[in-house]
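The values are calculated or read from the model by the stated rules, or taken from the named source; none is laboratory data. Worth saying up front: this structure is predicted, and the values here are computed from it rather than measured. Cβ sites come from the backbone with ideal geometry, for glycine too, and all protein chains shown count toward neighbours.
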Amino acid sequence: MRAKWIWLLFLIPAFAQTDEARRLLSLGVQAYKDARYTEAVQHFQSAVQAEPDFLDAWLHLGTAYMSQYVPGGDTPANIESARQAEEAFRQVLEREPENRVARASLGSLCFNQKKLDDAVEWNRRLIRIEPRNKETFYTLGVIAWTKSYDARKEARTRAGMKLEDRGPIKDPALRQELRERNLAVIDEGVRNMETALGIDPDYDDAMVYINLLYREKADLQDSTEEYARYTRMADEWVRKTLATKKVKAARRPNQQ
């Protein structure tokens, strides 16, 4: 999941104590915009060497490394890009512990590395300083769905079921095992999406994931009737999503 704000970082004005660090940052930003990432890293590294407390340069350095990281890739170079990105963002937090960009970046990096528990922790830390940030609650909901989906996919395979087969999961013991693993995660995910919708009632991305989370919950039920009930709840969120998208699309021309 690539952070939506990543390009905003390159609009932040630089406030360095030296003209040289400021010049190097500017060169790095231009190289990054031109997709010359290796060169951008070199300029940002030089900027933090010239001015070790230059937070913008550390943030740009971390972002440049993270942009080179390919989620799921296990090559030494790819793993090193992630490590260097993490180190740069931690350098920011050592100097400014509540820096929101560094916290959000580490959360995104951990998510892309499938370090989901770490991603949850970074996003919770972000909520402490931005309790009304709908995207952070949304991200926590997406993480909850990712955890539950991966576990459910594995359980269905073990039960001899395809993902598209109607549920619930046939094997009672396997279903109970999955319920103990997933139910609390799913419920927390729904709560986080509902919080995001409380902040922005038209947040259709959150509606999509409430639908998906209810489908996860459906597979944990002990009867086809309960499975159908949660499936209907999911379908209702699909209808709400489509209706909201339609209203927003109709409203858009008047906002231009």
Which numbered condition A196 misses (of (1) at pLDDT 95 or above; (2) more than 24 Å from the chain's Cα centre (by Cα)): (2)
Have a look at E216, E226, E236 and point out the one that is assigned by TED's automatic domain parsing to the domain that holds E194, touching a Lys or Arg at 6+ places or on another chain (Cβ under 7 Å) and acidic (D, E). E216
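Quick one: which residue in A228, A234, A249 is farther than 28 Å from L178 by Cβ and assigned to a helix (DSSP H, G or I)?
Details: A228 fails: farther than 28 Å from L178 by Cβ; A234 fails: farther than 28 Å from L178 by Cβ.
One residue alone meets the criteria, A249.
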Being polar (S, T, N, Q) and assigned by TED's automatic domain parsing to the domain that holds V208: is that true of T139 here? yes
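Looking only at region 211-224, count how many residues are free of Cβ contacts under 8 Å to residues at least 60 places away in the same chain and closer than 20 Å to L197 by Cβ. Full working, then the answer.
If we filter region 211-224 for residues that are free of Cβ contacts under 8 Å to residues at least 60 places away in the same chain, which is where we start, we get 211, 214-215, 217-218, 220-224.
Next, from what is left, pick out any that are closer than 20 Å to L197 by Cβ: 211, 214-215, 217.
The total comes to 4.
Please go through region 125-180 and pick out each residue that is of a type in the set (K, R) and assigned to a loop (DSSP other than H, G, I, E, B). Reasoning before the result, please.
Initial filter on region 125-180 (of a type in the set (K, R)): 125, 128, 132, 134, 147, 152-153, 156, 158, 162, 166, 170, 175, 179.
Across region 125-180, the qualifying residues are R132, K162, R166, K170.
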What's the number of the condition I186 fails, among (1) out of contact with any Asp or Glu (no Cβ under 6 Å at 6 or more places or on another chain); (2) surrounded by 13 or more Cβ atoms within 10 Å (Cβ to Cβ); (3) without any contact (Cβ under 8 Å) to a residue 60 or more places away in the chain? (1)
If a residue has to be touching a Gly at 6+ places or on another chain (Cβ under 8 Å) and either β-branched (V, I, T) or assigned to a loop (DSSP other than H, G, I, E, B) (or both) to count, how many in region 211-223 make the cut? 2
Say we look at region 1-35 and pick out the residues that are surrounded by 15 or more Cβ atoms within 10 Å (Cβ to Cβ) and assigned to a loop (DSSP other than H, G, I, E, B); which of these is modelled with the highest pLDDT? A3
